[in-house]
Amino acid sequence: MALVNMVDMLSRAKDKGYGVGAFDFIDIKTLEGIIEAAEEENSPVILAVPERLLGIIDMKSLTRAALAYIECTDIPVALHLDHGKSFDNIILAVKYGFSSVMYDGSSLPMEENIKNTREIVRIARAAGISVEGELGYVGRNINAETLDSDFFTKPEEAKRYVEETGVDALAVSYGSVHGMYIGKPHLDFERLRAIKNTVDVPLVLHGGSGLSDDDFITSIKNGICKVNIFTEISVRGMDRLRNELKKDQELALVLDGLKKETRDVVKRYIELFGSRDMA
Ligand code: 13P
């Protein structure tokens, strides 16, 4: 099956009522762990490259490695640029063979976000790949208990944004936060339901790490088709590496621990999101 367009993958998830995990990877071991988990679960999966780490990650070579791994697997995989804010990086993602990009204009005024997203959609369409847009703002490392709901996605604005840009998927804000949660998150499911009833495209939940199982299940029941996870891979990977290092063994085994920890994190989410055996 190998590389697929993300919109086809998410349309299927939307019809059948499950979620597909989008897991950020930063090196070969996290990449291997994600693919191995999806293979063992017979699940579709989205491999995401976080734009904010491109100063550390070499996009071109890591993408080539990812495409080689994707070619060697039978499960459907989408290769996605996560939180693309720079026009140049989005064009590079198209050039390097990504099957999907996110344009994140969520911190811009609505008109500018619409204008930029529309331009990205036009380019992505020509390249035959899909686009995720974001409306409303999902913060990072801020107290989830005291969020200002003014930054949450407004259903009527979501309708206009989707209609005027033509995005294939929409990231929405209804109480989640990127990074480790500070304070208890209270997701606004009524708002999510209202957005789902207003727009037709698959919805995306950002800031997955640290939400409860019930939060995920209720979100997926109410229109979320793609769930983004990164912090948990990062935190659990660091813990695992610390433990492996204590064992005083060779480097290959230490790094294998990172792959296995990533695989275990991803497998649990695949089962929770209901995408097992949906490859
Ligand atoms: P976490 O890092 O909070 O899991 O969020 C991931 C994410 O939304 C990436 O776009």
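Yes/no per residue for (1) in contact (Cβ under 8 Å) with a residue 12 or more places away in the chain; (2) touching a strand residue (DSSP E or B) at 6+ places or on another chain (Cβ under 8 Å):
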{"site": "Ile233", "(1), (2)": "yes, yes"}
{"site": "Arg240", "(1), (2)": "yes, no"}
{"site": "Ala252", "(1), (2)": "no, no"}
{"site": "Val266", "(1), (2)": "yes, yes"}
{"site": "Tyr269", "(1), (2)": "yes, yes"}
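Summed over the range 13-59, residues that are more than 16 Å from the ligand (Cβ to nearest atom) and of a type in the set (Ser, Thr, Tyr) total 2.
Scanning the range 201-226 for residues that are more than 12 Å from the ligand (Cβ to nearest atom), closer than 21 Å to Ser11 by Cβ and touching a helix residue (DSSP H, G or I) at 6+ places or on another chain (Cβ under 6 Å) yields Val201, Pro202, Asn222, Gly223, Cys225. Would it be correct to say that Ala78 is buried (at least 20 other Cβ atoms within 10 Å of the Cβ) and under 18 Å from Lys260 (Cα atoms)? Considered against the rule, which asks whether it is buried (at least 20 other Cβ atoms within 10 Å of the Cβ) and under 18 Å from Lys260 (Cα atoms), Ala78 comes out as no. The set of residues in the range 173-195 being crowded, with 24+ Cβ neighbours inside 10 Å, within 16 Å of the ligand (Cβ to nearest atom) and touching a residue at least 40 places away in the same chain (Cβ under 8 Å) consists of Ser173 alone.
The helices (runs of 4 or more DSSP H) found wholly in the range 206-279 and carrying at least 2 residues that are within 27 Å of Arg193 (Cα to Cα) and in contact with a Phe, Trp or Tyr (Cβ under 6 Å, 6 or more places away or on another chain) occupy 251-273.
Among the residues of the range 60-107, those that are in a helix (DSSP H, G or I) and within 16 Å of the ligand (Cβ to nearest atom) comprise Asn89, Ile90, Ala93. So in the range 149-166, with the set limited to residues that are within 16 Å of the ligand (Cβ to nearest atom) and modelled with pLDDT of 95 or more, which one is surrounded by the fewest Cβ atoms within 10 Å (Cβ to Cβ)? Per the stated criteria, the residue is Phe152.
Scanning the range 167-189 for residues that are closer than 23 Å to Ala124 by Cβ and outside any loop (DSSP other than H, G, I, E, B) gives Ala169, Leu170, Ala171, Val172.
Looking at (1) in contact with a helix residue (DSSP H, G or I) (Cβ under 7 Å, 6 or more places away or on another chain); (2) within 16 Å of the ligand (Cβ to nearest atom); (3) within 23 Å of Met102 (Cα to Cα), find the lone condition where Thr198 falls short. Only one criterion is unmet by Thr198, namely (2). Only one entry of Thr146, Thr73 meets the criterion of being loosely packed, with under 15 Cβ neighbours inside 10 Å and among the polar types (S, T, N, Q), and that entry is Thr146. Only one of the numbered conditions (1) more than 23 Å from Arg191 (Cβ to Cβ); (2) crowded, with 19+ Cβ neighbours inside 10 Å; (3) within 16 Å of the ligand (Cβ to nearest atom) is violated by Ile229, and that is (1). Could you go through the range 130-143 and let me know if any residue there is loosely packed, with under 13 Cβ neighbours inside 10 Å and touching a helix residue (DSSP H, G or I) at 6+ places or on another chain (Cβ under 8 Å). The answer is no, given that none of the residues of the range 130-143 is loosely packed, with under 13 Cβ neighbours inside 10 Å and touching a helix residue (DSSP H, G or I) at 6+ places or on another chain (Cβ under 8 Å).
The values are calculated or read from the model by the stated rules, or taken from the named source; none is laboratory data. Computed from a predicted model, the values in this text were never measured in an experiment. Cβ: placed from backbone, ideal geometry, glycine included. Neighbour counts: every protein chain shown.
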